[in-house]
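Single-structure report; data block below.
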Amino acid sequence: MLSGSTPITKAKTTTSRCTTGFQKGIGVGKFVRSNIFAVGGFDWAIRFYPDGVCEAYKEYISVYLELMSDHAEVWALYSLRLVNQVPGLSNWELTLNKQPVVFSSRGKNRFGTVISHAYFKLRSDLELPESGFIKDNRLTIKCLLLVIKESQVCEPGANTEIKVPRSDITQHLSNLLESKEGADVSFIVGGEIFEAHKIVLAMRSPVLKAELCGQMREARMACITIKEMQPDVFRALLHFIYTDSLPNMGNLQGGDKIEMIRHLLVAADRYAMDRLKLICQHILGRSLHVDNVATTLALADQHSCDKLKKVCIEFMASSNAMDAVAATGGYADLKRTSPSLLVDVYRRARTIIGYSLNKGIGVGTFIRSGTFAVGSYDWAIRLYPDGVTEDSKDYVSVYLELMTENAKAKAFYTLGLVDPVTGAIRCNWSRSSPRLFDSSDSSRFGPRSPLFIPRSDLEMEESGYIVNDGLTVECEVTVIKGPQVSRTIGCSEIGVPPSELSEHFGKLLEEEEEVGRDVVFSVEGESFAAHKLVLAARSPVFKAEFYGEMIERGTFSIDIKGMQPSVLRALRNFIYTDVLPADIGDLEGDDNVEMIRHLLVASDRYATDRLKLMCQSILGKYVDVKNVATTLALADQHNCDRLKDVCIQCISSLDEVDAMVRTKGYANLKRSCPSVLADLFEKTSKFRAS
């Protein structure tokens, strides 16, 4: 058995008429059925037996409520009433149950199984002319039916939350871009023309703001030619400006999509759109492979994308990827044009070593250059004039040496001889993949081979390497710092911040210079400046009001009646940011509820549906026995069906109905909105008292 506090999910007062004719004499057990009506998601009808349902009750008319839906079981509260058709005479009512009754479409339970249905009213009393129940051979039976879904018997407040949809500000702006209504600037890109709105562009890009601000109040449409950008890239850029998201690129595959993202990154940098720039870095960072990492690194450096550079460096540092990367044309171009981009530290060092004076010092004996620093490590060049071992005694041996103690460093390097006259370098040794130097063992040296250059080749006069007994050795060192990964994908994730569209809109209200504001509202002596375009994009009511003037320039004023300044301020804040202003949270108790009520009225007035749902959601959480009647009246006046459902569920708690009926709000509701379930509430109270 359901308790008296079971929430009512659907309530409806239904009148059904049956022609009796008086159809008296059709026989005991014969009935007339009303038309089917729907309540609570189930089908119902009223059965009328003019000669009684059985022999025991043949002197009575019998009336039943019947569940018509198949395979259904329903809990309900209900009453049946014979309506007197003579004004001033009372109705005949049968209130049947104090607690919900179960109806089942199987067997007799589809009628509610209440015996008093059988002797609903004596036929003789009904036929009396003065009774007033039969007129023109018709009688009216009224059924008040409250359907209760057992699945919703739960803790108070559960399943009553009014859900608020996600922000629709991006959809509104997308519609604005697509419709081009109010467009006041056009761009020519690769022969194609794109129309847009200055205030939106200026709001989203400081570069476009600087370019367009001076033209913001010009009467004619500005026309700007964009060079060095493809139309598809500019189209995607506009889409992001208006929606804070990338357009669908499903038609682009593989390399074409990556190329589009690269172009978008360049555009984002050009127009100082940081979030788009991070999104592009994020995509490119997740799309790295051997063939494109060098090109991506160059792009990252050119456009100051430090996070993308880090990901590229980590990829290139992977022990199983670098050899393949170094073999690509992109890497060769990068090394030639921008060697400092390979990693975060690079240095070219030269040292002059006296040669002939040291020749003959013996195999395995070396001369060390001065120490030089690269990547926070100390390095030196070792030169063995007579070779490092007996096997290499006919060669000059040259090594790069890590001098820092207790250190490990990963680096690329080259060793070469410099022509002192021309400056040309003969590269005798180059390491295309990084080598791990460890100062604790023999790996502190590189390369492993001692065969740098044959001594005879070096000493030939025509070689030109030895001048004034000096030999110049050049060492190019590139140190790789940071984590050394072994994956073939960059390991660092480039985070993308949440949408900043609402923040950008909010700044339009905060800017002291009031850029582009072209409408002023006057409310009880206070003035509120705004942008017609933004208001029209967010509210169809404002759109209808401004559409004729949208292309006009200049500021005009509108006087708002029937609204408090604080309410308009909150409404304007929501239109621009899609959130309620923070100071509403500072209001407590009744003040908060009252503010939300006013905002609901304003949202209904200007057709801002999401704000209306937000207000319903908040008011639904604050509903109690003291304010539910007032809230229900508000919900009915402004077509808030979900809030009405919450109020009905609150009222259906029979323990609280009597207290609610005694409130001033209920009296006002009954007086001003008698159609809003007032009869339902009274019946619920009677059920509890009987």
Counted residues in region 503-513 being surrounded by fewer than 17 Cβ atoms within 10 Å (Cβ to Cβ) and modelled with pLDDT of 75 or more come to 2
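Out of Leu237, Leu288, report the one residue that is under 26 Å from Ser167 (Cα atoms) and crowded, with 21+ Cβ neighbours inside 10 Å. I'd like the intermediate steps shown before the answer.
Numbers: Leu288 fails: under 26 Å from Ser167 (Cα atoms).
Unique residue meeting the criteria: Leu237.
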Residue list for region 309-344, restricted to those being out of contact with any helix residue (DSSP H, G or I) (no Cβ under 9 Å at 6 or more places or on another chain), closer than 23 Å to Glu474 by Cβ and modelled with pLDDT under 70: Pro339
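Considering only residues that are in a loop (DSSP other than H, G, I, E, B), modelled with pLDDT of 85 or more and touching a strand residue (DSSP E or B) at 6+ places or on another chain (Cβ under 9 Å), which ones fall in region 41-69? Talk me through it step by step, then tell me what you get.
Applying the first criterion (in a loop (DSSP other than H, G, I, E, B)) to region 41-69 yields 41, 50-54, 58-59, 68-69.
Within this subset, residues satisfying the condition of being modelled with pLDDT of 85 or more are 50-54, 58-59, 68-69.
Of everything in region 41-69, those that are in a loop (DSSP other than H, G, I, E, B), modelled with pLDDT of 85 or more and touching a strand residue (DSSP E or B) at 6+ places or on another chain (Cβ under 9 Å) turn out to be Pro50, Asp51, Gly52, Val53, Cys54, Glu59, Met68, Ser69.
For region 421-429, check the following and say yes or no: at least one residue is within 22 Å of Ile480 (Cα to Cα) and touching a strand residue (DSSP E or B) at 6+ places or on another chain (Cβ under 8 Å).
Checked against the condition, which is being within 22 Å of Ile480 (Cα to Cα) and touching a strand residue (DSSP E or B) at 6+ places or on another chain (Cβ under 8 Å), region 421-429 yields at least one hit.
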Do we find a residue being farther than 19 Å from Ser205 by Cβ, touching a residue at least 24 places away in the same chain (Cβ under 8 Å) and either under 34 Å from the mean Cα position of the chain (by Cα) or not in a helix (DSSP H, G or I) (or both) anywhere in region 329-339? yes
At least 1 residues that are at pLDDT 85 or above and crowded, with 19+ Cβ neighbours inside 10 Å in each: list the strands (runs of 3 or more DSSP E) lying fully within region 345-421 that qualify. 377-384, 395-402, 408-418
Tell me, which residue of region 423-470 that is among the hydroxyl-bearing types (Ser, Thr, Tyr) and more than 60 Å from the chain's Cα centre (by Cα) is nearest to Ala294 (Cα to Cα)? Tyr465
Qualifying residue in region 480-499 (condition: surrounded by 14 or more Cβ atoms within 10 Å (Cβ to Cβ), farther than 30 Å from Ala202 by Cα and modelled with pLDDT of 80 or more): no
Just the residues that are surrounded by 12 or more Cβ atoms within 10 Å (Cβ to Cβ), of a type in the set (Gly, Ala, Ser) and not in a helix (DSSP H, G or I), please, taken from region 440-471. Gly446, Ser449, Gly464, Gly470
Considering only residues that are in contact (Cβ under 8 Å) with a residue 60 or more places away in the chain and in contact with a helix residue (DSSP H, G or I) (Cβ under 9 Å, 6 or more places away or on another chain), which ones fall in region 410-436? Lys410, Phe412, Ser432, Ser433, Pro434
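In this structure, does Glu474 turn out to be charged (D, E, K, R), outside any helix (DSSP H, G or I) and either modelled with pLDDT of 80 or more or surrounded by fewer than 13 Cβ atoms within 10 Å (Cβ to Cβ) (or both)? Spell out the reasoning first.
Details: charged (D, E, K, R): yes; outside any helix (DSSP H, G or I): yes; either modelled with pLDDT of 80 or more or surrounded by fewer than 13 Cβ atoms within 10 Å (Cβ to Cβ) (or both): yes.
Yes; evaluated as a whole, the condition is true for this residue.
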Considering each residue of region 563-585, count those that are surrounded by fewer than 16 Cβ atoms within 10 Å (Cβ to Cβ) and among the aliphatic types (A, V, I, L, M), and give that number. 2
Selection count, region 607-630, where residues are under 26 Å from Leu501 (Cα atoms), in contact with a helix residue (DSSP H, G or I) (Cβ under 7 Å, 6 or more places away or on another chain) and assigned to a helix (DSSP H, G or I): 5
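Does region 286-308 hold any residues that are hydroxyl-bearing (Ser, Thr, Tyr) and within 15 Å of Leu334 (Cβ to Cβ), and which are they? Walk me through it before giving the result.
Going residue by residue through region 286-308, those that are hydroxyl-bearing (Ser, Thr, Tyr) are 287, 295-296, 304.
Residues satisfying the conditions are Thr295, Thr296.
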Per the filter on region 90-105, residues assigned to a loop (DSSP other than H, G, I, E, B) and at pLDDT 75 or above are Ser105
Of the residues His303, His282, which is in the same structural domain as Leu334 (by TED's automatic domain parsing), surrounded by fewer than 19 Cβ atoms within 10 Å (Cβ to Cβ) and under 27 Å from the mean Cα position of the chain (by Cα)? His282
Selection count, region 204-226, where residues are at pLDDT 65 or above and in contact with a Gly (Cβ under 6 Å, 6 or more places away or on another chain): 0
Could you check, for region 17-24, whether at least one of its residues is free of Cβ contacts under 8 Å to residues at least 24 places away in the same chain, in a strand (DSSP E or B), under 26 Å from Val147 (Cα atoms) and assigned by TED's automatic domain parsing to the domain that holds Pro100? no
Sole residue being loosely packed, with under 13 Cβ neighbours inside 10 Å, of a type in the set (Val, Ile, Thr) and either modelled with pLDDT under 70 or under 20 Å from Asn35 (Cα atoms) (or both), chosen from Ile134, Ile115: Ile115
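For region 19-37, enumerate the residues that are modelled with pLDDT under 85 and either within 15 Å of Ile141 (Cβ to Cβ) or among the small types (Gly, Ala, Ser) (or both). Show your work before the answer.
Let us first name the residues in region 19-37 that are modelled with pLDDT under 85, namely 19-25.
Thr19, Thr20, Gly21, Phe22, Gln23, Gly25 - these are the residues of region 19-37 that are modelled with pLDDT under 85 and either within 15 Å of Ile141 (Cβ to Cβ) or among the small types (Gly, Ala, Ser) (or both).
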Please list, ordered by first then second residue, the pairs with beta carbon atoms under 6 Å, 6 or more apart or interchain, first in region 300-313 and touching a residue at least 12 places away in the same chain (Cβ under 8 Å), second assigned to a helix (DSSP H, G or I) and among the hydroxyl-bearing types (Ser, Thr, Tyr). Cys312/Thr296
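The values are calculated or read from the model by the stated rules, or taken from the named source; none is laboratory data. Since this is a predicted model, take the numbers as computed values, not measurements. In this analysis, Cβ positions are derived from the backbone assuming ideal geometry, glycine residues included, and neighbour counts consider all displayed protein chains.
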